[in-house]
Amino acid sequence: MENTMTSNYTVAVLGLGAMGLPMATRLATQLSVHGFDIAEARLKLAADAGIRTFASAREASEGADALLLAVRNGEQLDDVLFGENGVASVLKPGAVVILGSTVGTEAIPATVARLAEYGVELVDAPLSGGPKRAGEGDLLIVVGATPAAQEKARPALELLASTLSIVGDKPGDGQALKTVNQLLCGVHIAAAAEAMALADALGLDQAKTLAALEAGAAGSFMLSNRGPRILEAYNEEGAEVLSRLDIFVKDMGIVGKATRAAGLAAPVAAAAEQLYLLGQAQGLAAADDSAVIKVVAPTRRTN
């Protein structure tokens with residue numbers, strides 16, 4: 001692909017958390033980046049990384065060619081763009097909003113229609129890969145957007161993604177593919193937790209079991225990625241929180257809505273969703289999603 005990156009291209013990143021900050025830092029290696037977060041500590045980290053920070057989301061968004069959003073759900077998306085302090089009205093005509101979150105397809109049509117009133121297009125670009133890969137430009141990003149909007153967003157997307165998959169020419173297509181992706185990810189994490197719990201119940205060394213499984217046909221990205229953190233779930237502080245358990249409560253809920261709307265039975269996904277819901281009910285919402293093993297097996301049997 002032709003490299004269209006230019007230092008004259010400005011990206012506003014709203015939310016400088018676990019994913020937002022490494023993405024902003026990565027973008028700042030070649031582009032002009034405006035950043036905003038409600039937490040002063042995150043603003044300082046961003047400023048130290050060479051990101052121009054602002055006192056409000058609206059100030060950060062003014063004059064940007066692209067707005068990169070990582071929000072929790074459709075309600076937050078609507079509030080950030082169109083709420084009392086919404087930024088849609090200060091975006092310049094011709095700008096694009098890059099939605100990197102998994103919010104499901106339901107919120108997309110209304111968002112597209114309201115942004116069009118300001119001459120702004122939505123680039124539906126849910127991403128996955130985690131904070132480390134975000135900082136290295138090694139994310140998977142699946143994109144649904146008009147060809148014109150794709151080109152406008154390309155300078156930012158190409159910096160963030162090692163795999164940039166254009167899955168459709170309309171917003172909502174990216175959310176649809178990410179929903180399929182999250183079905184697999186949610187099931188894989190739950191299955192990995194069950195497998196490690198069974199290994200423990202059978203008196204096996206979990207670390208050795210994990211290494212053996214990774215080398216064979218049962219291996220998967222999620223097993224290798226979450227496996228070490230699953231083994232840390234019983235530690236006093238648990239595993240480092242890189243992906244909260246309640247994110248999969250949300251995402252598996254999106255999966256459930258999509259399968260029901262399609263008239264499709266998805267019993268494995270439904271069972272995985274119940275494990276995450278149980279984890280949330282047991283106070284594990286803010287824990288790393290690897291803590292789902294504690295729903296299956298509340299305590300470790302062997303040391």
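Remarks
- Estimated at 0.36 nm per residue, the fully extended path between residue 29 and residue 170 surpasses their Cα-Cα distance by 47.8 nm.
- The phi-based Karplus calculation (6.51 cos²θ - 1.76 cosθ + 1.60; θ = phi - 60°) puts the 3J(HN,Hα) values of segment 46-53 at 5, 4, 5, 8, x, 9, 7, 9 Hz, whole numbers, x for Gly and Pro.
- Alpha carbon centroid spacing (whole Å) that separates segment 45-60 from segment 188-231: 41 Å
- Across 247, 189, 38, mean-square fluctuation computed from a Gaussian network of the chain (C-alpha pairs under 10 Å connected) peaks at 38.
- Loop-located trypsin sites (Lys or Arg not before Pro) in segment 270-303 (DSSP state other than H, G, I, E, B) with a sparse environment of at most 13 neighbouring Cβ atoms within 10 Å: 301.
- Those aspartates and glutamates that a straight Cα-Cα span of less than 15 Å connects to residue 250, excepting residues fewer than 8 apart in one chain: 75, 106, 273, 288, 289
- Alpha-carbon Debye profile of segment 197-303, log10 I(q)/I(0) at 0.14, 0.18, 0.23 Å⁻¹: -0.60, -0.94, -1.27
- Cα gyration tensor category, rounded, prolate or oblate, for segment 131-184 with a/c compared to 1.5: oblate
- Relative contact order of segment 99-157: 31 percent, from C-alpha pairs under 8 Å at least 6 residues apart in sequence.
- Long-range amide H partners of residue 123 with built H, under 5 Å: 97, 98, 99
- Lys/Arg +1, Asp/Glu -1 at C-beta; segment 39-102 dipole; positive extreme among 61, 93, 47: 47
- Remark: segment 239-245, residue by residue, has Karplus-estimated 3J(HN,Hα) of 6, 4, 7, 10, 8, 5, 4 Hz, where x stands for each Gly or Pro and the curve is 6.51 cos²θ - 1.76 cosθ + 1.60 at θ = phi - 60°.
- Scaled radius of gyration (Cα, divided by 2.2 N^0.38 Å) that segment 69-167 gives: 1.04
- The value given for the chain is a Kirkwood hydrodynamic radius of 20.1 Å, derived from the mean inverse Cα-Cα separation.
- Split the accessible area of the chain by element, probe 1.4 Å, and carbon with sulfur accounts for 55%.
- Length-normalised contact order of segment 1-153 in % [C-alpha pairs under 8 Å, at least 6 apart]: 20 percent
- Among the listed pairs 178/208; 257/294; 170/294, those with a Cα-Cα distance over 29 Å are 178/208; 170/294.
- Normalising the average separation of contacting C-alpha pairs (under 8 angstrom, six or more residues apart) by the number of residues puts the relative contact order of the chain at 13 percent.
- Listed values for segment 63-74 are Karplus-derived 3J(HN,Hα) couplings in whole Hz (6.51 cos²θ - 1.76 cosθ + 1.60, θ = phi - 60°), namely x, 7, 7, 9, 10, 9, 10, 10, 10, 7, 7, x, and x replaces Gly and Pro.
- Cα gyration tensor shape for segment 1-139, rounded if a/c is under 1.5, else prolate or oblate: rounded
- Among 88, 110, 217: highest mean-square fluctuation, GNM of the chain, C-alpha pairs under 10 Å: 217
- Global form of segment 199-243, assessed from the alpha-carbon gyration tensor, a/c cut-off 1.5: oblate
- Residues whose amide H falls under 5 Å from that of residue 242, counting only those 5 or more places apart or on a different chain, are 289, with hydrogens built in the peptide plane.
- Å² of accessible area per residue within the chain, as computed with a 1.4 Å probe and no ligands counted: 46 Å²
- Residues of type aspartates and glutamates that residue 92 reaches as a straight line, Cα spacing below 17 Å, ignoring anything fewer than 8 places off in the same chain: 59, 62, 65, 117, 121, 151
The values are calculated or read from the model by the stated rules, or taken from the named source; none is laboratory data. Only a predicted model underlies this, so the values are computations on that prediction, with no experimental measurement involved. Reconstructed Cβ throughout: ideal geometry from the backbone, glycine too, with neighbour counts over all protein chains shown. Only protein heavy atoms, including side chains, enter the accessible area calculation; ligands, DNA and RNA are left aside. Shrake-Rupley method; radii C 1.70, N 1.55, O 1.52, S 1.80 Å.
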